[in-house]
1. Using a ≥ b ≥ c from the Cα gyration tensor of the range 7-95 (square roots of the eigenvalues), is it rounded, prolate or oblate, where a/c under 1.5 gives rounded and otherwise the larger of a/b and b/c decides, a/b for prolate?
2. Apply the Karplus parameterisation 6.51 cos²θ - 1.76 cosθ + 1.60, with θ equal to phi minus 60°, to every residue of the range 110-119 and state each ³J(HN,Hα) to the nearest whole Hz, in sequence, with x for glycine and proline.
3. About the Cα centre, and with charges only on the beta carbon of Lys, Arg (+1) and Asp, Glu (-1), how big is the dipole of the range 372-491? Nearest 20 debye, please.
4. By a straight-distance test (C-alpha under 18 Å), which aspartates and glutamates pair with Lys308 as possible cross-link partners, with residues fewer than eight away in the same chain excluded?
5. Show me 33-42, 69-78, 464-473 ranked by packing, highest mean number of other Cβ atoms within 10 Å first.
6. On a full-extension model of 0.36 nm per residue, what is the gain between Glu117 and Val133, subtracting their alpha-carbon distance, rounded to one decimal in nm?
7. What is the distance in Å between the Cα centroid of the range 404-476 and that of the range 40-67?
8. Would you please give the residues with an amide H less than 5 Å from that of Val382, counting only those at least 5 places away or on a separate chain, with H modeled from the backbone geometry?
Amino acid sequence: MINSCHKFIDEYFERHIITSKLGDGGQGVVYNTEDPDLVIKLVTDIEKNLITDETEIIKHQKKLKSLKILPLPQGIKIAKPIALLKDNPGYVMQLVRGMIPFKHFWICKNSLNEITEDKIPLWLEKSFKENPVFAQTLIHYRNTGGLKRRLLSLTQCASTLVKIHSAGLVYGDISPDNVFISSDLNHNQVWLIDADNLRFEKNKNGGSAFTPSYGAPELMQNTGIGRPRSDCHAFAVMAFYMLSLVHPFLGEATEEDDDWASIDDGDLNNEDKAYQGILPFIDDPDDESNRCSTNQLPRELILTNELKGLFEKNFCDGRLMSWRRPAIYHWPKALAKASDKVIECLNCGMGNYFYSDLSKGNCEYCESILPKKIVCYSHKYVNNGIQSHHWLWAVSLTEQVKVSIPERVFLAFDINNHENDCLKITSHEDRFIIEKSENTDVKLYFGIPKKYEGTLQPFISKLSLSIKELELGLWFYVESKAPYAIKLILEN
């Protein structure tokens, strides 16, 4: 075991003193240091002990040195080694301060104990009496940012993986221990921290790193190697688990003693079979033998039709036929679209899809009336007319409005720019101030009904609208090769 205050020396003879454990994965442990901007990753054995064998140390140091020359895109959010450790298998890396691993989205024993009965709100009292752990889990779900933050963080993670795959590289070990997010709920910056297994795709079998419950079936069964499509499987497992509260293959069949083996599985238990892809997806539309009926969120509350389709393709068609899994390029846009449709209930704090099939103006969790919403309807503009729906963006109206509308609402989805702010909306007394972000190059024109006689005016800096004016709505026109028309309106 490694104790706090342990000292390490890097290749530049800088001294680093570890202070606390930040996270751990299948191949190592990450520690905070006395420098708040630097962390140390140590390669460990399966028992989490620091590797001390000199031959193994040299082997790992050689592998780590090769990471520095990989062709990663500029500005990609992955913590790479900035200095290797001397006499130890590990390295120093820079990480934006105030980050925590994705695994905090899952409730732990400490969090469970903190959510006592007196902290259970009225809308969950009945559920708490019937199933206290699930009620506590829902509170934790809300307290960690709810549906919207999970979708936004997964969008960023998928976007980073797109850039990695576009460079011809495989990430290797996607899991909640290796993806970090800002600890402040007001920020959603996401970084991948485990660069150890980054490599070019191999065309022959060899060792592949993965976390067992997230590893692709071909890796778990040792019938293939890590490829971009195995990254896609691990990401999809993590995403489904984060959103639904249940692993995509841990259903009723894992608790039964039936003979599920479709291969010679030796002494595998049912949970091992699930991770190896022997058992069907719990939501498989053609196979109900592994359904899961407890401690989970209904799919219609957490998944859009597009996301549901991606998960089914990945876990049904792509379960054992890896080439049929959706490439990672499909995920960022689908996740971003979903996140932009989520509005927060001001009573219980849970996220609801705006205009979902179930939405009738009431929260699906506490049944209170949902608040007014500021909504953007974006459409493609072709031949001097609106042609088709492009995007929907909505946010709950609160007393103090301070929101940003991203460029993806105004332009075709671009993996590099879709998160950039385009417009900012703030409230001041009984008016709304709408201003253009200083960091956007989007050319906008605007028009207000019953004003300017229907003509469009260049949008240079900002507008000030009353509540009544915003209830009537205003239109924006985007000047580009693929123009868009966007209606911004305040709705009940």
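1. Working: a/c = 1.37, a/b = 1.12, b/c = 1.22.
Rounded shape, in that the Cα axes give a/c under 1.5.
2. Per residue, the Karplus-derived 3J(HN,Hα) values read 5, 5, 4, 5, 6, 8, 7, 4, 6, 9 Hz.
3. Numbers: 15 positive and 15 negative charges, 56 e Å.
For the range 372-491, the charge dipole is close to 260 debye.
4. Asp283, Asp284, Asp286, Asp287, Glu288, Glu300, Asp317, Asp340, Asp357
5. Working: 33-42: 18.8, 69-78: 12.2, 464-473: 14.6.
Ranked by mean Cβ neighbours within 10 Å, highest first: 33-42, 464-473, 69-78.
6. Numbers: separation 16, 0.36 × 16 = 5.76 nm, distance 1.08 nm.
Difference between extended and current length: 4.7 nm.
7. 52 Å
8. HN-HN under 5 Å from Val382: Gln387.
We did not get these values from a lab; they are worked out from the coordinates using the rules stated. Since this is a predicted model, take the numbers as computed values, not measurements. Note that we place each Cβ from the backbone using ideal geometry, even for glycine, and neighbour counts take in every protein chain shown.
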